[in-house]
1. Round to the nearest 0.05 the FRET efficiency obtained for A:ASN237 and A:SER134 when R0 = 56 Å and r is the Cβ-Cβ distance.
2. Under 5 Å between amide H atoms, partner at least 5 residues away or on a different chain: which partners does A:SER44 have, H built in plane at 1.01 Å?
3. When you look at the Cβ of every residue in A:122-135, what mean number of other chain Cβ atoms sits within 10 Å?
4. Between A:SER113 and B:PHE217, what is the label-point separation in nm under the 7 Å Cα-to-beta-carbon projection?
5. For chain A, modelled as a GNM with alpha-carbon contacts under 10 angstrom, which of A:GLY169, A:GLY77, A:GLY48 fluctuates the most?
6. Evaluate the distance, in nm, between pseudo-label points positioned 7 Å from the Cα of A:LYS155 and of B:SER197 along their respective Cα→Cβ axes.
7. Once you have the alpha carbon radius of gyration of the protein assembly as shown, what is it after dividing by 2.2 N^0.38 Å, with N set to its residue count?
8. To the nearest µm²/s, what D does Stokes-Einstein give for chain B at 10 °C and 1.306 mPa s, using the Kirkwood radius over alpha carbon pairs as Rh?
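Computed from the coordinates by the stated procedures, all read-outs in this text should not be read as laboratory data. If you're wondering where the values come from, they're calculated on a predicted model, not measured in any experiment. Here Cβ is always computed from backbone atoms with ideal geometry, including for glycine, and neighbour counts include all displayed protein chains.
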Amino acid sequence: MAATYDIAMQQTKPEQDGCAPVVVVEDVHKTFGIHKVLDGISLSVKRGETLAVLGRSGTGKSVLLRLIIGLDAPDSGSICIRGRNIAGLPLDRMGEIRKKMGFLFQHAALYDSLNVAENVAFPLAHHRKEMSKSERRDRVEQLLTEVGMEGTLEKMPSDISGGMQKRVGLARALALEPEILLLDEPTAGLDPISSGEIDDLILKLQYERQMASIVVTHDLHSAKTIANRLALLDKGNVVIDGTFEDLQKSGIDFVKEFLKQS
Amino acid sequence: MSDHGVIAVEGINPSIPKRRAEAMPSAANSGVKLMNGFFEWFGSLGIFCWKVLRAAVTPPYEWRELIRQLDEVGSKSFPLIALAGAAIGVVISMEARYSLTRFGAKSMFPATLVYSVIQVMGPIMTGLIVSGRVGAGMGAELASMKVSEQIDAIEASAINPYRLLAATRILACILMLPLLTLAADSAGLLTGWFAQSLVEPLSFHQFIETGFHGATFSAFLPQTFKTAVYGLIIGTIACFQGMRTCGGAEGVGRAATNSVVIASLFVILADVVLVKFILVVFS
C-alpha cells in the first residue's frame with residue numbers, strides 16, 4: 001500500500017505551480033457566542049493541490065470548511081472561490097458556486113429516506129435536468145464503481161457500514177464534477193484498513209480529476225499520505241503551513257508537541 | 001450573633017436586604033431573558049417565513065416533492081381524520097338529540113347537526129388532529145435531518161432547503177387541510193345521521209334536505225376554507241421548529257413536541273380571529 005501512496009503522491013503534485021489559487025481564505029474571523037473559533041486565519045489552495053488542515057478538537061477546522069462552502073458566514077475577512085468573494089453572498093447566488101464544489105461530511109450525511117443510488121443521483125436530478133433517467137443511472141453506476149461501491153445501488157444508508165457510507169458520500173460529492181473538494185474527517189471512526197482504502201481512493205481521485213482539495217483531519221498519517229501541504233491550526237489560526245518535512249523541521253513547541261502525540 | 005433563634009427584622013439582620021437585593025436582579029434577569037427569547041423566536045420565525053416565501057415563488061419548483069408531501073399530509077391523514085369526524089358526528093348527534101328533545105325542538109336536529117359539524121367541530125378538530133399527526137411528523141423528520149447534517153448536505157449540493165423541504169410541506173398543508181376538513185365533515189354528518197336513524201328512522205335524503213334548508217355557500221365555505229390558514233400555521237411552525245433544531249436526539253424530541261404544542265395553540269388562537277373575521281365579512 002505504501003508503494004501505491006508514493007507513486008500517487010508523485011503523480012498528484014499541483015498541475016501548475018504558478019497558477020492562481022482556487023480557494024483563498026484571508027484574515028477570516030468567526031465567533032460563536034463568546035467563543036472565538038477562527039482568529040484571522042489565512043490560507044490558499046491551488047488546482048490539483050491537496051491541503052490537509054490539522055489541529056486539536058475545537059480549533060475551528062470543520063468551521064473553516066463550512067465557511068468555505070458558505071454554510072456559515074464569517075464575521076469578517078474574505079473567502080474567494082475562483083476569484084469571487086463569497087462572504088455574505090445570498091443563498092441563491094451561492095448555488096452557482098456550490099455546483100463547482102463537493103463536500104464530504106464527517107458522518108457522510110446521506111439522506112436516510114433515499115437508497116444509495118438515489119443519494120448519488122440527488123444532485124444530478126436537480127442540476128442535470130437534461131440527463132435522461134438511463135443516463136443518470138449510468139452516471140450513478142459509474143460514480144459508485146469509481147468509489148468501489150458497485151452493486152449497492154438499492155441498499156439503504158442504514159444497511160451499509162460507516163466506511164461504505166463515506167464512499168457513497170464521496171460519490172455524491174463528485175456527482176457534479178467539482179473543481180474543489182472539501183473533506184471533513186474522511187477517515188474518522190474507521191478501522192485502519194478502511195482508512196487506508198479511503199486514503200487510496202482520495203489519492204486516485206486527485207490524480208484523475210486534479211481538483212483543489214481541503215481535507216480536515218486528526219489523522220496525521222492520513223494527512224501525510226494524501227496531502228501536498230499541511231496546515232496546523234491552534235487558537236483559531238495557522239501555526240504552520242507547509243510540507244510534512246517543514247512540520248518535522250519546525251522549532252515551534254506546539255508543532256513539536258502535536259507531532260509527538262500523533 | 002447566632003443564626004438560630006434570631007428574629008429576622010429588616011435593617012437589623014443585615015443578611016436579609018442583601019439576599020433580597022441579590023434575588024431581585026436575578027428575577028429581573030430571568031424576565032429579560034424570557035422576553036429576549038420570546039422576541040428572538042418571533043424574529044427568527046419572520047426571517048424563516050421570508051426565506052420560504054422567496055424560495056417558494058422563484059423557480060425551479062419542486063413538483064415531485066410537493067406531490068410526495070400532498071400524499072404524506074393528505075392521503076395518510078385521511079383515515080384518522082375520517083374516523084375522528086365519524087366519532088364527533090355520533091357524539092354531536094347524541095348530545096343534540098337529548099338537548100333538542102328537552103326544549104321541544106326535535107325538528108331542528110338535522111340543521112343543528114349540519115351546522116355544528118361543518119361550522120364548528122369539523123374545521124377545528126381537523127386542525128388539531130393534523131397538528132398532532134403532521135406537525136409532530138414534520139418537526140421530527142426535519143429535526144432529525146438537521147442534526148444529522150442532511151439539511152446542510154442539501155444546501156452544500158446547491159439546492160435551496162427552504163424550497164425543497166419547507167415550501168413544499170407548507171403548501172401541502174395549505175392545500176390538504178380544506179380537503180381533509182370536507183372528509184371529516186362528511187364522515188361526521190354520515191355517522192350523525194346514522195346514529196339518529198337508529199333511534200328514530202329518518203331517510204338520508206330528508207336529513208340532508210332539512211339540514212341544509214335555506215343554507216347558503218357563505219355559511220359553510222369560509223368555515224371550511226379557513227382551515228387553509230391552519231395548514232399554513234401547522235406547516236410553518238413544524239418546518240421552522242424542525243429546521244432550527246440543535247442538540248441531538250433530545251433536540252429532535254423537543255422539536256417534535258414544540259411543533260405540536262405551538263401549532264395547536266396557534267390554530268386555536270387563529271380560530272378565534274377567523275371566526276370573528278368570517279362573522280364580520282360574510283354575515
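1. Details: r = 50 Å, r/R0 = 0.90.
The pair A:ASN237/A:SER134 has a calculated efficiency of 0.65.
2. Hits under the 5 Å cutoff: A:VAL25.
3. Working: counts 4, 6, 1, 2, 8, 4, 0, 1, 0, 0, 0, 0, 0, 0.
That average works out to 2.
4. Inter-label distance under the simple model: 3.5 nm.
5. The residue that fluctuates most here is A:GLY77.
6. For A:LYS155 paired with B:SER197, the spin-label model returns 5.8 nm.
7. Numbers: Rg = 30.9 Å, N = 545, 2.2 N^0.38 = 24.1 Å.
Computed over Cα atoms of the protein assembly as shown, the ratio equals 1.28.
8. Values: Rh = 22.0 Å.
Roughly 72 µm²/s, to the nearest whole number.
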